Each structure stands twice: as C-alpha cells, then as structure tokens.
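All remarks here apply to the structure that follows.
The values are calculated or read from the model by the stated rules, or taken from the named source; none is laboratory data. Predicted model only: the values in this text are computed from it and were never measured. Cβ sites come from the backbone with ideal geometry, for glycine too, and all protein chains shown count toward neighbours. Quick note on the areas: whole protein, heavy atoms, side chains included, nothing else; ligands and nucleic acids left out. Shrake-Rupley method; radii C 1.70, N 1.55, O 1.52, S 1.80 Å.
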Amino acid sequence: TAPEELRQAADRAEADGRYVVRSGDSPWVIARRFRVPLDELLDWNELVPGAILRPGQVVRVVAP
C-alpha cells in the first residue's frame, strides 16, 4: 500500500536526508516516494534527466 511504502522509504532514509538506492529505483521513483520535485532531486544530486542509479548509490532526498 502507498502509506506502507512511504513509511518504509522514510525508515530507509538516514537522519541526514540521504537514501541508499535499491534495485529498481530511479530518480523519478525516489522523487515520488519522498514527495519531492524530480527536478530538485536531480539538482541536489547533480544528476541529469534519464540518469541511471545503481544499487548502493547514496542520493540526497531533502534540500541541502
């Protein structure tokens, strides 16, 4: 369910606002999960549209 997915995502986000990418994640999926605009997520992480993320990669999910 969506609320459960959000709770689990929040649990995986570290206290400093970073998230460890899991298999199947994309910038769009992560932006939606954490309810942040995609363009801001890309900017915070110096990513380009269409960027491919790798499992284990760490991305910022809150404004720096």
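Give me the percent of the accessible area of region 20-64 that comes from carbon and sulfur atoms, probe 1.4 Å, all protein chains in place.
Working: 1600 of 2950 Å².
Accessible surface attributable to carbon and sulfur in region 20-64 totals 54 percent.
Highest mean first, what order results for 24-34, 47-57 on Cβ atoms within 10 Å?
Output ranking for 24-34, 47-57: 24-34, 47-57.
What shape does region 19-64 have by the C-alpha gyration tensor, where a ≥ b ≥ c are the square roots of the eigenvalues, rounded means a/c under 1.5, and otherwise prolate means a/b greater than b/c and oblate the rest? If you can, show how the numbers build up before the last one.
Working: a/c = 1.40, a/b = 1.31, b/c = 1.07.
Rounded shape, in that the Cα axes give a/c under 1.5.
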